[in-house]
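Trainee: Structure below; questions to follow.
None of the figures in this text is laboratory data; all of them are computed from the coordinates on show. Predicted, not measured: the structure shown is a model, and the values here were computed from it. Neighbour counts run over all protein chains shown; Cβ positions are idealised from the backbone, glycine included.
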Amino acid sequence: MSEVLAKYLPEHAVLPCFELIKNNSVHLKIVNERQTRHGDYRRNLNGKHEITVNGSLNKYRFLITLVHEIAHLVAFEKYGRMIKPHGDEWKNTFQRLMIPFIRPEIFPHSVLPLVANHFRNPTASSDTDARLAFALKQFDERKPDVHYIHEVPSGSLFRIKNGRVFQKIALRVKRYECLEVKTGRTFLFNANAEVEIIPG
């Protein structure tokens, strides 16, 4: 298992993650990319704990996702199944499990302070922390035609993964207001949303 983990995790995170998996009797499945989620946890009918993580994630996001899902397992086992999935019990568990990984041997200098800041009060998804999400995306394998919405010139058209076309209008605090061309409805996008710019 540790040889498999070495392909997906930062080098110094492999053994501690292996210990977390072993100590919590996790059946880990590394799966093809899913658009809607990075990973998930479920307890099967036979009582076994199954965690799936997208194999397409970069090693830093893979680590955060794996520990996020193990935190669900540990919190449910400790506090019972009636707790909120991303409530205080899970947050405290996630913080505690992540602390040993928030080190310069594991996270690059450009990401480490953002990770440390995020884990003062972790959210249900690191994607909602725009600064951390953007910093982590710098380590993704990026397709040449993919841009972030903050790179799209104001007034330009862009396409999202499902094919819908928008026009970028203006920045509203931290998110960008965009007009869907087909419906005329307004939507807000995080600055690090990946889009395809449509040439003018």
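Trainee: How far, in degrees from 0 to 90, does helix 88-98 lean away from the longest principal axis of the Cα atoms of the chain, to the nearest 10?
Mentor: In the chain, helix 88-98 runs at an angle near 80 degrees to the longest axis.
Trainee: Could you pull the Rg and Dmax for the chain, using just the Cα atoms, both in Å?
Mentor: Cα only, the chain: 18.6, 56 Å (Rg, Dmax).
Trainee: Hey, another quick one. Just to confirm the number: angle between the C-alpha axis of helix 59-79 and the first principal axis of the chain, 0 to 90 degrees, nearest 10?
Mentor: Relative to the chain, helix 59-79 is tipped by roughly 50 degrees.
Trainee: Toward the positive end of the charge dipole of the chain, about the Cα centre and with charges on Cβ (Lys, Arg +1; Asp, Glu -1), which of G200, L57, L136 goes farthest?
Mentor: In the chain, that residue is G200.
Trainee: Sorted from largest down, give the three principal axis spans of the alpha carbons of the stretch 112-194, whole angstrom values.
Mentor: Dimensions of the stretch 112-194 along the principal axes of its Cα atoms: 41, 28, 21 Å.
Trainee: Hey, if you put +1 on the Cβ of every Lys and Arg and -1 on every Asp and Glu Cβ in the chain, which of V74, C178, A13 ends up farthest toward the positive end of that dipole?
Mentor: Result: C178.
Trainee: Can you give me the long-range amide H partners of S156? Hydrogens built in the peptide plane at 1.01 Å from N, cutoff under 5 Å, separation of 5 or more residues or another chain.
Mentor: Correct list: K168.
Trainee: Apply the a/c threshold of 1.5 to the C-alpha gyration tensor of the stretch 12-103 and tell me whether it is rounded, prolate or oblate.
Mentor: rounded
Trainee: I'm a student and want to see the number: the projected area of the Cα convex hull of the stretch 147-197, averaged over all directions, in nm².
Mentor: Approximately 2.9 nm², given one-decimal rounding.
Trainee: Sort 85-97, 164-176 by packing, meaning the average of other beta carbons within 10 Å per residue, with the highest value first. Numbers along the way, then the final one.
Mentor: Values: 85-97: 16.8, 164-176: 14.5.
The most tightly packed comes first, giving 85-97, 164-176.
Trainee: Still on this structure, I have one more. Magnitude of the Cβ-charge dipole of the chain, K/R +1 and D/E -1, about the Cα centre, nearest 20 debye?
Mentor: 500 debye
Trainee: May I pose another question? Which aspartates and glutamates, if any, have their Cα less than 19 Å from the Cα of K161, not counting same-chain residues under 8 positions apart?
Mentor: E33, D127, D140, E141, D145, E151, E177, E180, E194, E196
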